[in-house]
Each structure stands twice: as C-alpha cells, then as structure tokens.
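Following: one structure in structure tokens, then a few remarks.
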Amino acid sequence: MPNSHHRKATILFLLVAAVLLTLPAQAIIIKGKVTTPFGVPLGNARVQLIQGKRAIAFGVSQIDGTYEIRSTAVGQFVLITAAAPYTPNIGEHFYGARTAVITRNIVMQYLTIDPQLAKTFSRIPTPTQQVPAGVTLIPQSALTTQIGIGNDLRQSPGTNVVQTGQTGGPIALYIRGGGPDANKVLTDGMPSEDIGGRFDFSPVSTLYLTGPELYRGPNSALYGAGAEAGIVAFGTLRSASIRPTLNYTGDAGNFHTYRNEATLSGAFKRLDYLGAFSRFNTSNALPLDQYHSTNEVANIGYSILTNTTGRFTLRNTVAATGLPSSHDIYGVSSSGKQADQDLYSALTIENTFAGNWHNLARYGIARKREQVEQFTPTGQPVTTIINGTPQTTYFGNLITLRGANGYTATGQAAFILPSFDNVSNRDQFDYQTDYTFPYRIATLFSFHYENERGRLLDAANPQGQIIKRTNYLYTLQVQGDIKHRLFYSGGGSVEDNQLLGILGTPRLGLTYDAIRPGHKPFHGTNLHANIATGTQEPSLTAQLTSLFTLLQQTANSTFHIQPITAERSRTYDFSVDQNVLNQKLAIKAGYFRNQFNHQLEFIGPAGLEHYFNIPTTIATQIPPASLNSLAYHTQGFELEVQSQPLNHLFLHGGYTYLASIVQQSFSSDNVAPTINPNIPGIPIGALSPLVGSRPFQRPPNTGFFAAQFTSSRFSASIKGAFSSRSDDSTLQLNNDRNRGNTLLLPNRDLDFAYAKLDLNLVFAATNHFVFFTQLDNLLGQQRIGPIGYPGLPFTIRAGMKIKIFGD
C-alpha cells in the first residue's frame, strides 16, 4: 500500500510539473524569417519585441533566417530588427494575446530613409529591388510640414505635375507622357478617381496620410480599366501609441494662411483607433481666389482572431476655391467658385494563415461631387444682335500675351465661364487570396466588383443625365524567384465592363540580380525588364457626347461610326540599378517606350462630310463630339540618384528626358489647322495638338533634387523641381474682341520653364513640443502653371506641434 500511495504521489507530482512546464506555451509566440531585399535568409539579426517604450523580449535569427520570440505579455506590440550593415527595421503595430502564434516576416534594407516595400506592383508587399517596373515610395516623414502633396509628387522621375492656378487650383499628374486621366488612384485600396479617370490632387490632404506610392507604367493586369499610365496609392496612418494621445498642430503664414489640426489616437486591448480633423484657409495672391478646406480622418482596427484583423478607414474632404480663371489672359479675376466634396471609406477584413496564405476582403465607397458656379459677370459687356436676338458677351482687359520664340498677341479675350455639377459615386468589393508555395512561388487571385453611378449637369445636359456602369474584374498572377537571383512575375486580367465589353490585359516582368551587393565599389547590379498593357474607360462627358450617340440622336443613323471604346496603352520598360561605394551611392537608369492608342478627343463638324460621308446638313448640327481617333507615343530616359555620404545626410535627385509625338488625330485642328492672321503661315492646334507635334503639357526635360539633414532634435530639408518649356494652347479660338483668332499663339514651347525651390525646418524642443517652418518657392517664380495662370510667389508658414499624454 505505501508503494501504491508513493506511485500516486509521484504521478500527481509529474502531472503538476508538466502543467507548470507548459505555462510558457500560453504566452504569445512571434515567429518568421529575416531576409535581405533579394530574399536571401539573414542570420544573426536581433529582433526585439517592443511594448510601449520597453523591450520585453528578443530573439536572434538563425542561419536560415528564422526567429522565434515568446512572451507572457498581452497587448499592442511592434518589432524592431537590427543587423549590420542594414537600416534598423521598425514593423507595424499588432495585437497579441496569450496562446497567439503570429507570423511576421522581416525584410532588411541597406542604409536609406525611404520605405522599400512596394504594394502597387503585385498587390503583395515586395522589396523594390525585386520590382521590374518603376516605383517611387515617398516617405511619410516628407509630409511632416506639408499641407498638400503636389510638391512631393514632383519628387519622382517620369512625372510632370501641373497646377492650374494657386492653392486650391486643380492639380493634374502626367506619368511618362500619359494623360492626366490615365492614372489609377487608390485611397486605402479603393479606386478614387472620377468615372473615366480624372483625379484632382489638389483637395488631397496630408492629414495622417502615409507616404504615397507612385507606380510608373500601365498595370491594368491587376487593377483593370484606369491604370493606363500609372498608379498612385494613398493610405491612412494607424495609431502608433498604446495610451490615449492628443496631438495639436497649428501654423500660420503670409496671404492670410492658417491651419488648425487635432488628432486623438491610441489603443485599448484588441482595438486601435485614430481620429483627426483639420481646417486650412488662405487668400492666395490673386483677387477673388480664397481657398479653404476641412478634412476628417478615421482609422479604427480590431484584432478579431489571431492573425485576423478588421479595419475601418474614412477620409472626407470639403473644399472650396475661387475661380479667377486665366488671370494673365483676361487681366482681371472672374467671380466664381469651385466646390469639392470627396469621401472615401472602406471596411477591410484581413487574415494570414500559417504565414503563407493571405486573404483580404474589402468593401469600399467613394462619393465625389464637384460644382463650378459663376456668380456675377466680369469684364466689359458688349451686346450684339445674332439672328435677331441680342446677346451680351463679356471681355477682359486689353493684354499682350508673350509666347515662345518672340511671338506675341494683343487683344481682349471673351470670358468662357462654364458652370456644371459633376457627381461620381462608386461602390466596390474586393477579394484577394495569395499563397506562397515552397521555393518562394507566390500565386494571387483577385476579384473586383464595382458599381459606378455618375451624373453630369451642364449646359449640354441640363437634365443631369445619370449614367450607371457595373464592372467585374478577375485577376491571376504568379511571382517568385530562382535561387534568389532571377525574380519573375506575370499575370493578367479579364474585365467585364458594362460599357466597353470584355477587356484583357497581360503583364510580364523580370529582375536579375547580376552582381550581389558587397564591399567593393561597384558591387550591386540589378537588371529590370517589364512589358505591360493598360486600358481606360471614357469619362461621363465623353460617353454623353460620343459621335456614335449624337448621330443616333440627330439623324437616327450612325453612318458606320463605331461606338466609343476603351483607350489602350502598352509599355516596354528596361532599367539598371547600380550600387556604388558599398551602398553609400545608388544609381538607377532606365528607358521606357509607351504607345497610347484609341485615345479620346473632341472633334468639330469640319471634315465629317469628307471622311465619314455625313451630309453637311447633319454634320453642322453635331456639337463637339468625342471619338477614339487620337494616337501618340512617348519614349524617354529616367535617371535617379540616392546617396547617404554621412549618417545624418541623405541626398536624392533625378532627371527625365521625354520625347513624345502625336501620330494620329481627327480634331478640327488637324483637318483644317487654325491660323492667327497676325502670324500667317504657322498652323496652330487650338483645341488639341497637331499631328507631328508634342502632346500638350508634356515637357521634354524635368527633374528634381532633395537634401535632408536629420539629427535627434533638428532636421532640415531642401527640395527642388524644374521643368523645361512645354507645348500648349491659349484656348481662345474665335474669342477675341472681333470673334477671331488673334489671341492664339503657336503651340510650340508655349508654357514657361521653371525651377521651384522649397525649404522646411523642424526642431523638437521636447518629446511634446515640435516647432517647424515651411518656405515654398524661394526663387519667387510665378510661371509654374500653364500659360495665363500665375502661380504663388514666395510663401512661408510657421507653427508648432503639441503632443498631450501618450507614450
């Protein structure tokens, strides 16, 4: 019996010991792999688990790059990884509970201040060294003192940013010669452009905006119609603090400029939250050009299960600006207003299973409305009798326009002041699943559904006709690497577009790590090649004014004219990345060639009889109509240089040469080019460029540079952007005082060249008080916008950021 009791006691003791020994298994486990930018496993990297300001646990990666950290703590965490000679890696915050097993793979980067994981290329975070196409990642730190994003969009090769007017004036982005409506714009993963592609970057606020990601080249293989020339992706920052934190930012400057901004953020158990509000006002430097905007931002996340999160984001902007019109052409400001109301919101559920199977489902909405309204007539009224009816036209002051090559035009221009109300609404659902097989082969399938509803109310559509489109997109992609040297990606999409029918778009990219980075001066050479296609759907205006539709309405016949179809593009892209001086200097050089076909242009009645055998009696009844009759190609060379000669100094610069030419056009200007009688013998494209000329607002030479110094308390950054002259039009066809063409100037080099220089200074007095100043256009150049639209002169803002409570 005693032996029996002894055996029972021994068994009980062993059971208790087993339970005690398994207690650590109730702790959170974080594991993953640490790799170089080329996917090579990195051993001996120190990975720390941070909660608040404390490092509560750490691990060291093994020779195969794997690491594992265990901790009994619960709550919000972040991983910080260090391994020479790489930049310390700070990951995203995440929630961890007891018994949770969380996978976090880490990609280390060489010394740089730029973020290095791109998402727009393949919808899977990929190191930029593996991406075969051109991608620019603007760091969030660059937006610290900015209000808008126009300055930072210029800090990329292959781009031309055109702002028509001063603060609040429309901002258009041209990527590698593509049109301003050829870019897919994503906000927290949702398409955000107007129906048909137009996107005004002016209302976009930097309020808790992540650093924008800019993809140069078509990528409709992943994003469908809209990604014809490039992609711009915006995101909303999430809370980075554990305890409730209140931040306030206030600044003021010349031209009656001021801004107030308040933010509340934090985390509670599984929940992280951020809410922000801002108000900005300025009077600008022209009469009747006041601008104001209010912005609301929210980002709320919840850890539903281990490796499964739900997130709600919202960005809302209400803005209004005066419309002085082309002040230099009229010599006086017009009295009008443009108002924008833009709301983007999304609910996302995301899960990662076993570290290699990722799923995402997202429902999002975009609600956009733009109104242009003219208040009172401006200028000198002149009344004439037309067909027995008196009509009053208002003219500007007597002015002299100066173009390139010594050409001038003197006269009074008639005010053309349209009013309209444009609505673009979109509901969309995204599903994405991607799985990484052994040998680093990743496959992705995605499905995108969108319901578009638009309305355009203007003089041509006084009833405000409503247009609806329902589109479906199916995407399949494969990417991977062979021995960490050859990286490949390929795929395509099939889109069922309600207006355009079935569209197919393939893409193929290769990157070869020819020479691995090392200590020798020129070790680190990557070769990239990319072939891709893009499509674009027409705008509401183009659909409503399609020549096919207008002929049906006017003559009940189409005269063999085809319905409006998709605009298409194709690109070939080759580049080389060369590291110099042991990662202290990086040079990127590339060549691209783009072909844009079936582009839409607006045509007049001239030539319809001859080319389409449309009777003159019918052709003269047709208002300006849209037709897929424009084609042009662009090619160019891009150069980008990054250097970090000192630990606290980072240099960045780039240059782009762009050669573009119109190959085909059926605008009235090409059928019968316009002539200014005061400049005889020179054909002019009043509404669109002539065949053999450059497309408008595509300068052949653009560039940028930036120098940033950063220390523990102080930082300074100086940025510059320059552009050569570009072709354009004064757009005053038949609208001088005598209803003639005397105010038209030759298109060649009509827009001025410019060099813009900006400076910002930031001083952190304490962890809770930061002082800053932003100085823009130090050279005082006002010829930054298109001809007739003076830009802002030198401006200065100064203010402070106050942090209350928080970590």
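Structure notes:
- Total residues in the range 488-523, condition open to solvent by less than 70 Å² (accessible area, probe 1.4 Å) and either hydroxyl-bearing (S, T, Y) or more than 28 Å from L581 (Cβ to Cβ) (or both): 18
- Residues in the range 543-571 that are out of contact with any helix residue (DSSP H, G or I) (no Cβ under 7 Å at 6 or more places or on another chain) and either open to solvent by 70 Å² or more (accessible area, probe 1.4 Å) or of a type in the set (A, V, I, L, M) (or both): L544, L547, L550, L551, Q552, Q553, N556, H560, A566, R568, R570.
- Check on G96, in contact (Cβ under 8 Å) with a residue 60 or more places away in the chain, surrounded by fewer than 17 Cβ atoms within 10 Å (Cβ to Cβ) and small (G, A, S): no
- Residue check, Y439 surrounded by fewer than 20 Cβ atoms within 10 Å (Cβ to Cβ) and in a strand (DSSP E or B): no
- Check on L775, among the aliphatic types (A, V, I, L, M) and either under 19 Å from T164 (Cβ atoms) or not in a loop (DSSP other than H, G, I, E, B) (or both): yes
- Exactly one residue among P418, P377 is modelled with pLDDT under 90 and under 30 Å from Y344 (Cα atoms), and that residue is P418.
- The single condition among (1) touching a residue at least 60 places away in the same chain (Cβ under 8 Å); (2) closer than 20 Å to Q583 by Cβ; (3) not charged (D, E, K, R) that G52 does not satisfy is (2).
- The one condition in (1) surrounded by 16 or more Cβ atoms within 10 Å (Cβ to Cβ); (2) under 19 Å from R593 (Cβ atoms) that A659 fails to fulfil: (1)
- Among (1) open to solvent by 20 Å² or more (accessible area, probe 1.4 Å); (2) more than 30 Å from Y789 (Cα to Cα); (3) modelled with pLDDT under 95; (4) not β-branched (V, I, T), the one test that K337 misses: (2)
- Elements of type strands (runs of 3 or more DSSP E) contained in the range 255-328, each with 2 or more residues being open to solvent by less than 30 Å² (accessible area, probe 1.4 Å) and touching an Asp or Glu at 6+ places or on another chain (Cβ under 6 Å): 308-322
- Residues of the range 397-433 classified as touching a residue at least 40 places away in the same chain (Cβ under 8 Å) and on the phi > 0 side of the Ramachandran plot, total: 2
- Scanning the range 69-86 for residues that are of a type in the set (V, I, T) and surrounded by 18 or more Cβ atoms within 10 Å (Cβ to Cβ), we see that the one that is farthest from the chain's Cα centre (by Cα) is I69.
- Scanning the range 192-229 for residues that are open to solvent by 10 Å² or more (accessible area, probe 1.4 Å) and either outside any loop (DSSP other than H, G, I, E, B) or on the phi > 0 side of the Ramachandran plot (or both) yields Y208, E213, R216, Y223.
- Qualifying residue in the range 164-177 (condition: over 30 Å from L286 (Cβ atoms) and open to solvent by 20 Å² or more (accessible area, probe 1.4 Å)): no
- Remark: A404 matches the filter, which requires a residue to be farther than 21 Å from G169 by Cβ, under 36 Å from the mean Cα position of the chain (by Cα) and not in a strand (DSSP E or B).
- Criterion (surrounded by fewer than 20 Cβ atoms within 10 Å (Cβ to Cβ), in contact with a Phe, Trp or Tyr (Cβ under 6 Å, 6 or more places away or on another chain), assigned to a strand (DSSP E or B) and polar (S, T, N, Q)) met by exactly one of T410, T383, T433: T433
- For the criterion of being open to solvent by 20 Å² or more (accessible area, probe 1.4 Å), of a type in the set (K, R) and within 30 Å of A172 (Cα to Cα), R238 passes.
- Of all positions in the range 705-719, none carries a residue that is under 29 Å from S688 (Cβ atoms) and touching a residue at least 40 places away in the same chain (Cβ under 8 Å).
- Within the range 444-487, being open to solvent by 10 Å² or more (accessible area, probe 1.4 Å), of a type in the set (V, I, T) and either within 21 Å of G534 (Cα to Cα) or touching a residue at least 40 places away in the same chain (Cβ under 8 Å) (or both) holds for I467, T470, V478.
- Condition met for N767 (open to solvent by 30 Å² or more (accessible area, probe 1.4 Å), of a type outside the set (G, A, S) and either modelled with pLDDT under 95 or not in a strand (DSSP E or B) (or both)): yes
- Restricting attention to the range 524-541, the residues that are modelled with pLDDT of 95 or more, open to solvent by 10 Å² or more (accessible area, probe 1.4 Å) and either in contact with a helix residue (DSSP H, G or I) (Cβ under 6 Å, 6 or more places away or on another chain) or among the β-branched types (V, I, T) (or both) add up to 2.
- Matching entry among S726, S717 (being open to solvent by less than 30 Å² (accessible area, probe 1.4 Å) and closer than 16 Å to V162 by Cα): S726
- Selection within the range 606-650 - touching a residue at least 12 places away in the same chain (Cβ under 8 Å), more than 30 Å from V576 (Cα to Cα) and among the hydroxyl-bearing types (S, T, Y): Y611, T620, S626, S629
- D188 being open to solvent by 20 Å² or more (accessible area, probe 1.4 Å) and either of a type in the set (K, R) or over 27 Å from N526 (Cβ atoms) (or both): yes
- Residue among A285, A229, A276, A225 that is touching a residue at least 60 places away in the same chain (Cβ under 8 Å), over 27 Å from I804 (Cα atoms), of a type outside the set (S, T, Y) and in contact with a Ser or Thr (Cβ under 6 Å, 6 or more places away or on another chain): A225
- In the range 334-366, residue farthest from G322 (Cα to Cα) [restricted to those that are outside any loop (DSSP other than H, G, I, E, B) and among the polar types (S, T, N, Q)]: T352
- Out of G692, G681, G703, one residue alone is of a type in the set (G, A, S) and open to solvent by less than 30 Å² (accessible area, probe 1.4 Å). It is G703.
- None of T400, T443, T383 is modelled with pLDDT of 90 or more and under 24 Å from L743 (Cα atoms) except T400.
- Verdict on L417 being aliphatic (A, V, I, L, M), open to solvent by 60 Å² or more (accessible area, probe 1.4 Å), closer than 28 Å to S726 by Cβ and more than 24 Å from the chain's Cα centre (by Cα): no
The values are calculated or read from the model by the stated rules, or taken from the named source; none is laboratory data. No experiment lies behind these values; they were computed from the predicted model shown. Using ideal geometry, Cβ is built from the backbone for each residue, glycine included, and neighbour counts are taken over all protein chains shown. Surface areas here come from the heavy atoms of the whole protein model, side chains and all, with no ligands, DNA or RNA. Shrake-Rupley method; radii C 1.70, N 1.55, O 1.52, S 1.80 Å.
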